[in-house]
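The values are calculated or read from the model by the stated rules, or taken from the named source; none is laboratory data. Model, not experiment: these values are computed from the prediction. Heads up, the Cβs are rebuilt from the backbone with ideal geometry, glycines too, and the neighbour counts pull from every protein chain shown. Side chains included, ligands, DNA and RNA excluded: accessible areas come from the protein's heavy atoms. Shrake-Rupley method; radii C 1.70, N 1.55, O 1.52, S 1.80 Å.
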Amino acid sequence: MSTGGGRVFETTAEAFDRDVLKARVPTVVDFYANWCQPCKMLSPILAKAVEKDGRVNLAMLNVDEHVELARDYQITSLPTVIAFRDGKPVNSFMGLRPPNLIEQFVKDTVDE
């Protein structure tokens, strides 16, 4: 596993601890579902922002396949995005956002 940021990958409930909570770099988690149209629009915007910033990773988590983990993080609306740093949630948002706000969200994940 790379220690640098800018990675975009799918994670699972089984790998969440390693991929997100114990990650060496801040990680943004995109909680999504395949049937969710706003999720399909948001994911590429998030990926582009993470790749551009290069200091944060993006973990994609399908809530239909990992219901218990979605419940643990009280995901009640999709898409929901939670930023983790040092194993703890530090910021979040729900719904589709414009690219400039997503870029700022990614930047704030590291800078705050």
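Of the residues that sit in region 94-104 and are open to solvent by 70 Å² or more (accessible area, probe 1.4 Å) and farther than 14 Å from Lys48 by Cα, which one is farthest from the chain's Cα centre (by Cα)?
Leu96
Of everything in region 52-72, what is closer than 19 Å to Phe105 by Cα and open to solvent by 30 Å² or more (accessible area, probe 1.4 Å)? Give them in sequence order. It would help to see each step written out before you state the result.
Here is the first cut: in region 52-72, the ones closer than 19 Å to Phe105 by Cα are 52-61.
Lys52, Asp53, Gly54, Arg55, listed by residue number.
Please state which of the following conditions Ser77 fails to meet, knowing it meets all the rest: (1) among the small types (Gly, Ala, Ser); (2) outside any strand (DSSP E or B); (3) in contact with a helix residue (DSSP H, G or I) (Cβ under 9 Å, 6 or more places away or on another chain).
It is condition (3) that Ser77 fails.
Of (1) within 16 Å of Lys88 (Cβ to Cβ); (2) surrounded by fewer than 16 Cβ atoms within 10 Å (Cβ to Cβ), Val29 satisfies all except one. Which?
(2)
Test Ala49 against the stated conditions and say whether it is crowded, with 20+ Cβ neighbours inside 10 Å and in contact (Cβ under 8 Å) with a residue 60 or more places away in the chain.
Working: crowded, with 20+ Cβ neighbours inside 10 Å: yes; in contact (Cβ under 8 Å) with a residue 60 or more places away in the chain: no.
It is false that Ala49 is crowded, with 20+ Cβ neighbours inside 10 Å and in contact (Cβ under 8 Å) with a residue 60 or more places away in the chain.
Go through (1) touching a residue at least 24 places away in the same chain (Cβ under 8 Å); (2) crowded, with 16+ Cβ neighbours inside 10 Å for Asn91 and report which single condition fails.
That leaves (1) as the condition not met.
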